[in-house]
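The structure under discussion appears below in the form of structure tokens.
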Amino acid sequence: MAAISPIPADTALALPTGVIAHAWYQYFLQSQDRLNANPYILGTVFDSVTGQSAAIGTTSIPLPTLETGLYRVSTYARITQAASTSSSLTVTLGWTDGTVACTYSGAAMTGNTTATTQSGSLMIRNDHLSPLTYSTAYASSGGTVMQYRLDIAVEQIPT
């Protein structure tokens, strides 16, 4: 993609007639084209999944109405309190592609320390009006239970 022209600072924004100057029109048009060609975040799950100490059933990611297209779903999970003995956390994402229900599960996080993290991005193709979902599988043993935080961001990829 071509670079955006520099701001035409030496040109007046409007002509004496009140019409926008051509240099500024071109600059704004290029800026709009650049913005439209880049991914943008549609929705997130931040801070709502903090201090979690149980599995999360299949939950829709709060998003506007989705069109058929490409999306990038990024996740970040961290153990915020280690279990006294051992723990495991697995994050699963779900979507529909060509009317087929698809899922992806990350590797189980079994480090059981507060430095245990996992992150990743997944490119998916989703059907019109189909929700994107997340869930977690959780296990913890010992007197102190494992707690975790989960953040999710969904970006639409222009095609």
If THR50 satisfies every condition in (1) modelled with pLDDT of 90 or more; (2) under 15 Å from THR136 (Cα atoms); (3) part of a loop (DSSP other than H, G, I, E, B); (4) of a type in the set (Ser, Thr, Tyr) but one, which is the exception? (1)
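For region 88-98, state whether one or more residues are assigned to a loop (DSSP other than H, G, I, E, B) and either assigned by TED's automatic domain parsing to the domain that holds SER130 or surrounded by 19 or more Cβ atoms within 10 Å (Cβ to Cβ) (or both).
Here is the first cut: in region 88-98, the residues assigned to a loop (DSSP other than H, G, I, E, B) are 98.
After this cut, where a residue has to be either assigned by TED's automatic domain parsing to the domain that holds SER130 or surrounded by 19 or more Cβ atoms within 10 Å (Cβ to Cβ) (or both) as well, the list is 98.
There is at least one residue in region 88-98 that is assigned to a loop (DSSP other than H, G, I, E, B) and either assigned by TED's automatic domain parsing to the domain that holds SER130 or surrounded by 19 or more Cβ atoms within 10 Å (Cβ to Cβ) (or both).
The values are calculated or read from the model by the stated rules, or taken from the named source; none is laboratory data. Everything numeric here is computed off the predicted structure, so don't read it as measured data. Cβ coordinates were reconstructed from backbone atoms using ideal geometry, including for glycine residues, and neighbour counts include every protein chain displayed.
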